[in-house]
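S.K.: Supplied in structure tokens, the structure appears directly below.
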């Protein structure tokens, strides 16, 4: 009985456990039975997770391969990647003594020198005092011939035009009459002096003859002056040309015909210029400087002019105005400049530079030919040791003249290549090309 009850209890327990298992399975089935699409998505995600797991599993092997890969280094042990990232430094240009001699390379030490203060000023080109001539008639007349045109180079005395002046004939007649009167007066004076010497003549008659002679002499000089004023030489004057009314207008200076203001047949008078002649071989430049600068300049000092074509001309100070211009509050400083190639044309504006007597201090100085310019930067080749040069960037004061004033990059005593710089530049560029080819 007891045994049966035990078996019954055991059966109940087993049935309870089976029921509990059945309920659990049903509940689990309700939770995990997905939509077909959702099931496919989960399967794909599961596949991706497996791939990720595979990749994660292989990654240590990849890192190990990278760790064992040799690094690329140059012959000095520097990482090439670092050089490409940061830009490798230029290696020294090494030359033998024979190569330096053949290339004409000269090395000099940078010097320390006093630096003059350079002042810039605006300027205007004008003809020199005797470099311009206005040619016109001194008596009225009509133009009958033209011998030159604008732009023609002429010498002093060159005929420019011929004109018919109606008063020329009367002037020539006056001259010839005055000359005849003087001859007559000279003869009278000579005779009266002879009579007075012999005691025959009268003193009054001699005095009258001498007065007439002086009057005839003055009249002749006056007529001669009027003829010379219109370009007629009395030495060549003869009775055959006495009544000719033609005269020539001539250039009084060497130069170029800058302007022709008459035409054939035009009637002109002394109030009008017929030609303008300009000599541009020597020009003046008037610069306007502050009064303080003018006080440091001296007559005979130097000045420099730069034209529109970047030509630089040296000039000499010939005049410093004693007064200040009331409108610009500046002082005019005039330079005389040789201008054989006519780079400086009158009435053009130029830039003028003066070096003041006062100094602005001291600075490192090297010859201008030692400086290499590239894309707005300036460089020199400094000798590290005999035959070995490095390219060094420097800061210079502009403009560069015979010597470059260095404000940074090198020091006093540094040995700089002052000649043969082009050869060093070509060697540097050759080395760069070889490096890029590798």
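What follows draws every value from the coordinates through simple rules; no lab data is involved. Predicted, not measured: the structure shown is a model, and the values here were computed from it. Note: ideal-geometry Cβ built from the backbone for every residue, glycine included; neighbour counts use all protein chains shown.
S.K.: Looking at the square roots a ≥ b ≥ c of the eigenvalues of the Cα gyration tensor of region 217-355, which shape do they give, rounded for a/c under 1.5, prolate if a/b is larger than b/c, or oblate? Walk me through the numbers before you get to the answer.
M.R.: Working: a/c = 2.93, a/b = 2.31, b/c = 1.27.
It comes out prolate by the Cα gyration axes.
S.K.: Under a plain spin-label model, where a point goes 7 Å from the Cα along Cα-to-Cβ, how far apart in nm are residue 328 and residue 91?
M.R.: Here the answer is 5.9 nm between the modelled labels.
S.K.: Turning to a different aspect of this structure: In nanometres, what is the gap between the two model label sites at residue 374 and residue 407, each 7 Å from Cα along Cα-to-Cβ?
M.R.: 2.3
S.K.: Let me ask something else about it. Per the Kirkwood formula on distinct C-alpha pairs, the Rh of region 133-277 is how many angstrom? Mind dumping the intermediate values first?
M.R.: Values: mean 1/r = 0.0572 Å⁻¹.
Across region 133-277, the inverse of the average 1/r is 17.5 Å.
S.K.: Based on the Cβ-Cβ distance from residue 422 to residue 342, what FRET efficiency comes out when R0 is 35 Å, to the nearest 0.05?
M.R.: Numbers: r = 32 Å, r/R0 = 0.92.
For residue 422 and residue 342, the calculated efficiency is 0.60.
S.K.: Here's something else I'd like to know. Rounded if a/c is under 1.5, else prolate if a/b is larger than b/c, else oblate: which is region 305-377, with a ≥ b ≥ c the root eigenvalues of its Cα gyration tensor?
M.R.: Details: a/c = 2.17, a/b = 1.37, b/c = 1.59.
It is oblate, given that a/c is not under 1.5 and a/b is not larger than b/c.
S.K.: Could you give the length gained by full extension between residue 203 and residue 222, i.e. 0.36 nm per residue of separation minus their alpha carbon distance, to one decimal place?
M.R.: Working: separation 19, 0.36 × 19 = 6.84 nm, distance 2.92 nm.
3.9 nm is the gain from fully extending residue 203 to residue 222.
S.K.: Using label points projected 7 Å from each Cα along Cα→Cβ, tell me how many nm separate residue 193 and residue 391, to one decimal.
M.R.: 9.3
S.K.: Enumerate the residues in region 379-396 having an amide nitrogen under 17 Å from the point lying 7 Å beyond the Cα of residue 102 toward its Cβ.
M.R.: 387-388
S.K.: Then there's this: Suppose R0 equals 30 Å; then what is the FRET efficiency for residue 272 and residue 320 from their Cβ-Cβ distance, rounded to the nearest 0.05? Before the final figure, lay out the partial values.
M.R.: Details: r = 36 Å, r/R0 = 1.21.
FRET efficiency, residue 272 to residue 320: 0.25.
S.K.: Quote the FRET efficiency, to the nearest 0.05, computed for residue 434 versus residue 118 with a Förster distance R0 of 41 Å and r equal to the Cβ-Cβ distance.
M.R.: Details: r = 43 Å, r/R0 = 1.04.
Result of the calculation: an efficiency of 0.45.
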